[in-house]
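Below is one structure; the comments refer to it alone.
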Amino acid sequence: MLVLGIDPGSVAAGWGLVRREGSRLSHVDAGVLRPPKGAAFADRLAFLHDAITTVVQTHRPDAFAIESVFSHNNARSALQLGHARGIFLLAAAQASLEVHEYTPATVKKAITGNGAAEKSQVRFMVERLLGVVIEGPMDRSDALAVAICHAQSGPLMARAKAQSSKPTTARPKLRRTKG
């Protein structure tokens, strides 16, 4: 299974590809999408859409995982992040990819065991899990962490989904008796 992980942003957005074969994870590719500085917001969104669409068409991932929106101190920044996430969700829908969303705390906990881990701790564990050194901005390792989170939980989710879709046999109701 090839998983594309996204660390969304309107100024810089990370993407990372992780392959899961059995219980083995491997690094495929990663990068950071940076719209031109000073570009109008709509033009930055168009850049992000075109760039992530190229990544999807080039690598043909089996799964798409993205960090969900979290609370933000600045309303404007939160709104712009929401717009950028929408662009990534649109690209996934256009490629007929099922979207899997994870909170930042869930990703951190899956990677480090601590939902409040620092970015440097996440990067350290991503490097250990994939056996590579991640150079450049933290957006790359954050996106790979999202991909790893799904690669590790995806098979569990699939099994749970399969279990819930199986027909169940009716069980007799148990009665409580006094005494």
Flagged in the range 58-84 as modelled with pLDDT of 95 or more and basic (K, R), in numbering order, are R60
Tell me which of these I111 doesn't satisfy, since it passes every other one: (1) of a type in the set (A, V, I, L, M, F, W, C); (2) more than 20 Å from G9 (Cα to Cα); (3) over 16 Å from the mean Cα position of the chain (by Cα).
(3)
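Please give the helices (runs of 4 or more DSSP H) falling wholly within the range 31-124 in which 2 or more residues are surrounded by fewer than 16 Cβ atoms within 10 Å (Cβ to Cβ). First the steps, then the outcome.
Details: elements: 41-59, 75-94, 104-112.
The qualifying helices (runs of 4 or more DSSP H) are 41-59, 75-94.
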Qualifying residue in the range 72-91 (condition: in contact (Cβ under 8 Å) with a residue 60 or more places away in the chain and under 12 Å from the mean Cα position of the chain (by Cα)):
yes
Could you grab the pairs with beta carbons closer than 6 Å, sequence gap of 6+ or different chains, first residue in the range 96-118 and over 23 Å from I52 (Cα atoms), second one in a loop (DSSP other than H, G, I, E, B)?
A105/G115; K108/G115; K108/A117; K109/G115
I'd like the full set of residues that are surrounded by fewer than 14 Cβ atoms within 10 Å (Cβ to Cβ) and part of a strand (DSSP E or B), limited to the range 1-25.
E21, R24
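Looking only at the range 55-78, how many residues end up being closer than 17 Å to P104 by Cα and not charged (D, E, K, R)? Quick ask: steps written out before the conclusion?
Step one: of the range 55-78, the residues closer than 17 Å to P104 by Cα are 64-73, 77-78.
Subsequent filtering for residues that are not charged (D, E, K, R) retains 64-66, 68-73, 77-78.
Count: 11.
The values are calculated or read from the model by the stated rules, or taken from the named source; none is laboratory data. Everything quoted here is computed from the prediction, not taken from an experiment. Note that each Cβ is placed from the backbone with ideal geometry, even for glycine, and that neighbours are counted across all protein chains shown.
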